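Everything below concerns the one structure shown next.
Only the coordinates and a few stated rules stand behind these numbers; no lab work does. Note that the structure is a prediction, hence the values are computed from the model and not measured. Backbone-built Cβ (ideal geometry, glycine too); neighbour counts: all protein chains shown.
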Amino acid sequence: MTDLTDETLLSPVTPVMSPGAGDVPPIALQETPRKEPPGSDTTRTVVFDVQDLSVRYGDHLAVADVSMEIRKNEITALIGPSGCGKSTVLRCFNRMNDIIDIARINGRISYHGVDLYGKNVDAVEVRRRIGMVFQKPNPFPKSIYDNVAFGPKIAGFSGDMDDIVRDALERAALWDEVKHRLKTSAYSLSGGQQQRLCIARAIATHPDVLLMDEPASALDPIATLRIEDLMQDLKRDYTILIVTHNMQQAARVSDRTAFFNIRVDDEGQRTGYLVEYDRTGTIFTNPNQQATEDYITGRFG
Ligand SMILES: Nc1ncnc2c1ncn2[C@@H]1O[C@H](COP(=O)(O)OP(=O)(O)OP(=O)(O)O)[C@@H](O)[C@H]1O
Ligand SMILES: [Mg+2]
């Protein structure tokens, strides 16, 4: 498993942009269990600590006021109406917004105590540790085997590639369906199988966290349930964040739920914000905010 005490997140080759920045000693990643306040409901390690996160695209403040702690080996669901910033926030967790030119991030996300946007942090290593699965299955135009082997090869994994591929496919609950056709094109798989292949590809490089943006929205109910079962298995080894529009899915799979809503200012600018973040049982049975209750009971809008 990923060694979180090493310093590989801090790239020794990251160009130093500002004079003197090279003097900053590398910060070791340490997995320090957070002391919980009295009455707190968990002692799980905090993986991400998000403080006052906001994201702009150019002049548009897309999402603001996001503060939350994401805990290890839990599934955290992000829910809310279309355009409230769920995908935007999700992309902040592995710096995928870096590749959107006009995106600007303010606030702080620390990952195991390290500022994810710190100047010595290597975004490529961040994305290896924090893998992503998208709404639409997006296998590479390669064989099933090569899709899974791609990441480990690039990352220079040593060891038997056949074992690495098999292990990832088993964890993604796909091995039995593909073991006799590993060299056939990934495009020959069904949509649900392709999505599990993408999950296998994401976990083949041994990440710490999996980000999933509506991973089952293009799938039928049976394939959806398979993905949900798989998530329950995967959370033993990974911390998972999932964006979903499916309330039942959020209620079924997640340990904690964050509800986002949209406010509209005088100029008509729409900005998403975090309304409420709590244990999923609380959000769905006894939410604190009226807006949350209206949304989860379908009285929204
Ligand atoms: N690449 C981008 N460039 C400019 N604006 C963007 C970009 N991506 C998202 N936005 C804007 O940011 C806001 C939030 O979008 P986002 O995709 O995060 O919402 P969402 O909650 O994931 O919505 P949905 O449920 O429809 O997927 C929207 O107003 C959207 O238009
Ligand atoms: Mg989205």
For the stretch 209-217, Karplus-derived ³J(HN,Hα) couplings (6.51, -1.76, 1.60; θ = phi - 60°; whole Hz; x for glycine and proline) come out as 10, 10, 9, 10, 9, 6, x, 10, 5
First select every other residue whose beta carbon is under 12 angstrom from the beta carbon of P215; then total the charges, Lys and Arg +1, Asp and Glu -1. 0
For the chain, report the % of Cα-Cα distances exceeding 26 Å. 48 percent
Cβ-based charge dipole, the chain, positive-most Cα from G272, L197, V89: L197
Dipole of the stretch 134-257, positive direction: furthest Cα of L211, A173, Y187, with charges on the beta-carbon: Y187
Points 7 angstrom from Cα along the Cβ direction at L225 and R299: gap in nanometres? 3.2 nm
Given the stretch 6-296, what percent of its DSSP beta bridges are antiparallel, to the nearest 5? 60 percent
How would you rank T184, T45, going from fewest to most other Cβ atoms within 10 Å of each one's own Cβ? T184, T45
Given the -39500 (n - 2.57) contribution per DSSP H run of 4+ residues, what per-residue ellipticity at 222 nm results for the chain, rounded to the nearest 500 deg cm²/dmol? -8000 deg cm²/dmol
For the stretch 127-140, what does the Karplus curve 6.51 cos²θ - 1.76 cosθ + 1.60, with θ = phi - 60°, yield as ³J(HN,Hα) per residue in whole Hz, taken in order and with x for Gly and Pro? 6, 6, 6, 10, x, 9, 10, 9, 4, 9, x, 10, x, 6
Using +1 on the beta carbon of Lys and Arg, -1 on that of Asp and Glu, and nothing else charged, what's the dipole of the chain about the Cα centre, debye to 20? 580 debye
Can you find, among Q232, S110, A77, the residue sitting farthest towards the positive end of the charge dipole of the chain, where Lys and Arg contribute +1 and Asp and Glu -1 at Cβ? Q232
Taking the Cβ of A62 as the centre, find all other residues whose Cβ is under 14 Å away and add up their charges (Lys, Arg: +1; Asp, Glu: -1). +3
Which loop-located trypsin sites (Lys or Arg not before Pro) does the stretch 269-301 contain, where loop means any DSSP state but H, G, I, E or B and the Cβ has at most 13 other Cβ atoms within 10 Å? R299
Kindly flag which residue pairs out of K119/K153; K86/K142; K72/K136; K86/K179; K86/K183 have an alpha-carbon separation exceeding 29 Å in this structure. K86/K142; K86/K179; K86/K183
